[in-house]
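**Student:** Below you'll find the structure I mean.
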Ligand code: HEM
């Protein structure tokens, strides 16, 4: 008893020392006990994930990652006790390829959306590859190239609405936030493709039901908390959270559309071949997998993963073109030539757009300059592996940031930080292969973006369509947008004037 009392007294006296000692031991173990200490990186990053959490929430992480790789002149940079940023683009197939044994890390778990009392991973957040493959198979064809052609009229309907709104700005001569309208366009297109119904942003000029703000909040949360996924278990994966935040507005919107569709089907009404119809068809074929819950997951994933990203991409294309008048001039000339030659229909089709090489080079280059995803696309090492002469033990998180690979000077040249679409047209075959390989904008391999075709469809059609009809200029010529880092690298402050009419060299109107 006496011994116990002594221990108790010692604990009471020295508890602070013990707590601090354990903490210190943990930090030292983090730094030196992971077999990763030979990898360069910020000192604090080796001690705790709080460094990368901080850098993601309160800085522009993509800039930090580029800077660190350049400063250390290393293909491997330690961003956390067990997290390594990789920049060697020849390793992309090893880390992300179809045959890669690496799985998604817990980073993706905070992206799950709750509804009907629980969280279920959709395609994006699924960590279990077998589950992912089962979920993907029934719906894969809805994202195929051949399906895209059938989606074209749905995109055109939204483009017509956007153009009617732009006409109003042109007539009034007032400035407007072009970036916001492009984002609303991207959201409404997905509404059309998903449910043959716009989400209502362009019509109202507002964020209906707070869907955009909610998704933005969710993505920001997932990007930050994903740096310390354990936090998510405490913060949201509990019954109190589910009571407070039972679901997200986009899920409610999806459920409403599903109910409407059920009524139409019961009445034998005609249904458009949109994404929802295809998902319902898939349900008939794979009833065990494509449950109603799975349809909600597919749809919510699409809107969350595909709207802001496409909005960001559209903004980048117009912004970089406005900043580079010589490129704009060339591009408008290419489109004008095709127009005069009768090669463009009332709404530019995807096929027509793909025949405009300078346009395609501008799109690639703007996406390279500003990939919408700006954090590591994390993967977890299974069983340990040697990469670039370094051994990464089981459980190490490795990943590449699309911004880092896109700015690799050994691939894109000394001018990698410049917007120069010509690089895609001048490159040798060998260089082009290396440049394409370094392109992680849509990810790579078995978990690459399933919606890439949808996004490219929207972008390829809208850019030439607007360039044919409007003249756009910055409100202030020296204007710079503001870039916000995170999983999605949003831009704000793209204020513009617009007028009708095509760019004319002699008129000195700078236009699109
Ligand atoms: C410019 C636009 C887009 C960009 C930059 C983009 C980027 C990405 C990236 C990098 C990934 C891979 C994540 C990983 O490997 O861990 C991804 C996955 C995904 N994206 Fe996209 N995306 C875009 C548009 C879209 C669109 C339009 C949709 C749907 C309509 C979509 C739906 C998805 C889904 C469902 C996944 C998960 C795929 C899977 O794991 O099987 N994305 N996206």
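**Student:** Under a point spin-label approximation (7 Å from Cα along Cα-to-Cβ), what is the residue 239-residue 5 distance to one decimal in nm?
**Tutor:** Taking the two extended label points, one gets 4.4 nm.
**Student:** I want to make sure I understand the PRE zone here: with the label point 7 angstrom from the Cα of residue 333 toward its beta carbon, which residues in segment 354-371 have backbone N atoms less than 17 Å away?
**Tutor:** Zone members listed by number: 356-362.
**Student:** Can you tell me the order of 51-58, 255-262 when each peptide is scored by its average per-residue count of other Cβ atoms within 10 angstrom, highest first?
**Tutor:** 51-58, 255-262
**Student:** Still on this structure, please answer the following. Would you work out if segment 34-500 is rounded, prolate or oblate? Take a ≥ b ≥ c from the square roots of the eigenvalues of the alpha-carbon gyration tensor; rounded if a/c is under 1.5, else prolate when a/b is larger than b/c, oblate otherwise.
**Tutor:** In terms of gyration-tensor shape, oblate.
**Student:** Let me ask another. How high is the FRET efficiency from residue 165 to residue 448, r the C-beta distance, R0 35 Å, rounded to 0.05?
**Tutor:** 0.55
**Student:** Under the 0.36 nm per residue contour assumption, what length would be gained going from the current alpha-carbon distance of residue 150 and residue 417 to full extension?
**Tutor:** Extra length from residue 150 to residue 417 when fully extended: 92.4 nm.
**Student:** Another question about this same structure. Can you give me the relative contact order of the chain as a percent, contacts being Cα pairs under 8 Å and 6 or more apart?
**Tutor:** Rounded, it is 22 percent for the chain.
**Student:** Here's another thing I want to ask about it. Specify the angular offset, from 0 to 90 degrees and rounded to the nearest 10, of the alpha carbon long axis of helix 292-323 from the longest principal axis of the alpha carbons in the chain.
**Tutor:** That works out to roughly 70 degrees.
**Student:** Return the Rg/Rh ratio of segment 360-477 with Cα-based radii and a Kirkwood Rh. Display every interim value, and only then the final one.
**Tutor:** Working: Rg = 17.5 Å, Rh = 16.6 Å.
My calculation puts Rg/Rh at 1.05.
**Student:** Between segment 462-484 and segment 258-292, how far is it from one alpha carbon centroid to the other, in angstrom?
**Tutor:** 40
**Student:** Give, in nm to one decimal, the length gained when the segment between residue 291 and residue 137 is fully stretched (0.36 nm per residue of separation minus the Cα-Cα distance).
**Tutor:** Full extension from residue 291 to residue 137 adds 54.1 nm.
**Student:** For a Förster distance of 30 Å, can you work out the FRET efficiency between the beta-carbons of residue 354 and residue 63, rounded to the nearest 0.05?
**Tutor:** Efficiency for this residue pair is about 0.35.
**Student:** Applying a 10 Å radius around every beta-carbon, put 413-425, 233-245 in order of their mean neighbour count, most first.
**Tutor:** 413-425, 233-245
**Student:** Taking just the alpha carbons, could you work out the radius of gyration and Dmax for segment 107-167, both in angstroms?
**Tutor:** When restricted to the Cα atoms of segment 107-167, Rg and Dmax are 17.2, 50 Å.
**Student:** Translational diffusion coefficient of segment 142-233 at 25 °C, 0.890 mPa s, Stokes-Einstein with Kirkwood Rh over Cα pairs, in µm²/s as a whole number.
**Tutor:** Using the Kirkwood radius from Cα pairs, D works out to 162 µm²/s.
**Student:** Follow-up question, since we're still on this one. Need one number: nm distance between label points at residue 260 and residue 177, each 7 Å from Cα along Cα→Cβ, rounded to one decimal.
**Tutor:** 2.6
**Student:** While we're here: Which angle from 0 to 90°, rounded to the nearest 10, does the C-alpha axis of helix 452-469 make with the longest principal axis of the chain?
**Tutor:** Roughly 40 degrees between the two axes.
**Student:** Between 0 and 90 degrees, rounded to the nearest ten: what's the tilt of helix 249-266 against the longest Cα principal axis of the chain?
**Tutor:** 60
**Student:** If you don't mind, another one. For residue 26 and residue 204 in one chain, what is 0.36 nm times their gap in residues minus the Cα-Cα distance, to one decimal in nm? Display every interim value, and only then the final one.
**Tutor:** On the way: separation 178, 0.36 × 178 = 64.08 nm, distance 5.36 nm.
So the extension gain works out to 58.7 nm.
**Student:** Same structure, new question: Classify segment 68-134 as rounded, prolate or oblate from the Cα gyration tensor: take a ≥ b ≥ c as the square roots of its eigenvalues, call it rounded if a/c is under 1.5, otherwise prolate when a/b beats b/c and oblate if not. Walk me through the numbers on the way to the answer.
**Tutor:** Values: a/c = 3.70, a/b = 1.80, b/c = 2.06.
Judged from the Cα gyration tensor, segment 68-134 comes out oblate (a/c at least 1.5, b/c at or above a/b).
**Student:** When ranked by the protection proxy of mean other Cβ atoms within 10 Å per residue, highest first, what sequence do the peptides 338-348, 461-471, 205-215 form?
**Tutor:** 461-471, 205-215, 338-348
**Student:** Enter the mean projected area of the convex hull around the alpha-carbon atoms of segment 238-371, in nm², rounded to one decimal.
**Tutor:** 13.0
Every number in this text was worked out from the coordinates using simple rules, so none of it is lab data. Please read these numbers as outputs of a predicted model, since none were measured by experiment. We place every Cβ from the backbone using ideal geometry, glycine too, and count neighbours over all the protein chains shown.
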